[in-house]
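**Q** Below: one structure in structure tokens.
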Amino acid sequence: MTAPFQLFAKITPKPEHQDAVRDSLLSILAQTRAEPGCLKFNLLEGRDESCFYLDEEWAGDGALAEHYAAPYIAPIFAKYEDWLAAPVEIHKMTPLA
């Protein structure tokens, strides 16, 4: 079993899909937070409103894999192929102190 870790994701939508991306992210908050391996899942929007950020904490790699496999996640990932201006930037981190 892997140790808990934090993850930051930067999501950059095309301007014409800004609202759709925001709505898609808002639509998964409650379900994601209810997942047993999810320790934190916060959605933030850049002050310039060009990007979204997910501040996440997971119980381990398996918990994140289960999240990505959830039936409500796949349709969003599929839409991101057209909606995003750049690939999602994902940074996995281990707290040092």
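**Q** Calculated from DSSP H runs of 4 or more alone, at -39500 (n - 2.57) each and per residue, what is the 222 nm mean residue ellipticity of the chain, nearest 500?
**A** -11000 deg cm²/dmol
**Q** Label points 7 Å out from Cα along the Cβ direction at ARG22 and ALA70: separation in nm?
**A** Distance between the two pseudo-spin positions: 2.2 nm.
**Q** Taking Cα pairs under 8 Å and at least six residues apart, what relative contact order does the chain come out at, in percent?
**A** Relative CO of the chain lands at 46 percent.
**Q** Could you state the angle between the C-alpha long axis of helix 18-33 and the longest principal axis of the C-alpha atoms of the chain, as a value from 0 to 90 degrees rounded to the nearest 10?
**A** 20 degrees
**Q** Of ALA74, GLN6, ALA30, which is farthest towards the positive pole of the chain's charge dipole, taken about the Cα centre with +1 and -1 on the beta-carbons of Lys, Arg and Asp, Glu respectively?
**A** Towards the positive end, the residue furthest out is GLN6.
**Q** Please work out the average accessible area per residue across the chain, using the 1.4 Å probe convention, and give it in Å². Don't skip to the answer; put the middle values down first.
**A** Working: 5920 Å² over 97 residues.
On a per-residue basis, the chain sits at 61 Å².
**Q** So I have (i) 15, 49, 30, 6, 0; (ii) 14, 37, 19, 12, 10, 6, 1; (iii) 12, 19, 11, 11, 15, 18, 11, 4, and one of them is P(r) over Cα pairs in 10 Å bins from 0, in percent calculated from this model. Which one is it?
**A** (i)
**Q** Ignoring any ligand, DNA or RNA, what whole percent of the accessible area of the chain comes from carbon and sulfur when the probe is 1.4 angstrom?
**A** Its accessible area is 58 percent carbon and sulfur atoms.
**Q** Taking the Cα centre as origin and putting +1 on Lys and Arg beta-carbons and -1 on Asp and Glu beta-carbons, what dipole magnitude results for the chain, to the nearest 20 debye?
**A** Computed charge dipole of the chain: roughly 160 debye.
**Q** Now for a separate question. By how many degrees, between 0 and 90 and to the nearest 10, does the Cα long axis of helix 74-83 differ from the longest principal axis of the chain?
**A** That helix lies at roughly 40 degrees to the long axis.
The values are calculated or read from the model by the stated rules, or taken from the named source; none is laboratory data. This is a predicted model, so every value here is computed, not measured. Cβ sites come from the backbone with ideal geometry, for glycine too, and all protein chains shown count toward neighbours. The area values use the complete protein model at the heavy-atom level, side chains included, leaving out ligands, DNA and RNA. Shrake-Rupley method; radii C 1.70, N 1.55, O 1.52, S 1.80 Å.
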